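A quick write-up on the structure given underneath.
The values are calculated or read from the model by the stated rules, or taken from the named source; none is laboratory data. Quantities reported herein were computed from a predicted structural model and do not represent experimental measurements. So basically every Cβ, Gly included, is an ideal-geometry build from the backbone, and we count neighbours across all protein chains shown. These accessible areas exclude ligands, DNA and RNA; they are computed on the full protein's heavy atoms, side chains included. Shrake-Rupley method; radii C 1.70, N 1.55, O 1.52, S 1.80 Å.
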Amino acid sequence: MKKYSLLFVLVFLGFTFGQENEAISDFQRSSEKYISDENGNILMNVNIWGHVNNPGSHKVFDGIDFATLISIVGGPKRGANMKKIKLFREIPDENKKLAYELNLNTFLKHGDRSSFIKIMPNDTIVIEQTIGGMVLSQIGTINTVLSLLTLYFQIASYAG
């Protein structure tokens, strides 16, 4: 009877703690954490989305910092929001966090790297465009629409 009680307790504990981790692990993960190049350098994939000159998936050296990573992707475009950079982890880190929001303005103004966090394999970094940058990038479209409206009202007033 003791054997079955112990077995029941072990199965119950395994089921209970297994369910807790299922929420974290119930998604597809990349099978590649680190890779090496022909020279034996250790590389990892990092995804950069948004308002940079060369977004996409990039193979970078392990231990890379944000300044170097942003440089590899060609730097931020004009109007990039460097106050609210989002970093999403593939799996929770040692702080059990999956998401971070970073402000790189202190680095851009003073060279202060204290806000940098370690970049891990398969991290996804999102740099959005500021609202002012969006408006400025669409100014040509706005100008065209206003010109068409002006033309329409001129024709309508001439015909009427």
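Anything in segment 23-56 that is modelled with pLDDT under 90, within 18 Å of Val126 (Cβ to Cβ) and either of a type in the set (A, V, I, L, M) or touching a helix residue (DSSP H, G or I) at 6+ places or on another chain (Cβ under 6 Å) (or both)? List them, or say none.
Those that are modelled with pLDDT under 90, within 18 Å of Val126 (Cβ to Cβ) and either of a type in the set (A, V, I, L, M) or touching a helix residue (DSSP H, G or I) at 6+ places or on another chain (Cβ under 6 Å) (or both): none in segment 23-56.
Within the group Leu102, Leu87, which residue is open to solvent by less than 40 Å² (accessible area, probe 1.4 Å) and at pLDDT 95 or above?
Leu87
Where the second residue is acidic (Asp, Glu) and at pLDDT 90 or above and the first is more than 14 Å from Thr124 (Cα to Cα) and lies in segment 88-108, which pairs have Cβ atoms under 9 Å and are six or more apart or on separate chains?
Partner pairs satisfying both residue conditions: Thr106/Asp112.
Tell me which of these Ser114 doesn't satisfy, since it passes every other one: (1) touching a helix residue (DSSP H, G or I) at 6+ places or on another chain (Cβ under 6 Å); (2) open to solvent by 60 Å² or more (accessible area, probe 1.4 Å).
For Ser114, the failing item is (1).
Of the residues that sit in segment 50-71 and are buried (at least 17 other Cβ atoms within 10 Å of the Cβ) and hydrophobic (A, V, I, L, M, F, W, C), which one is nearest to Gly40 (Cα to Cα)?
Out of the qualifying residues, it is Val60.
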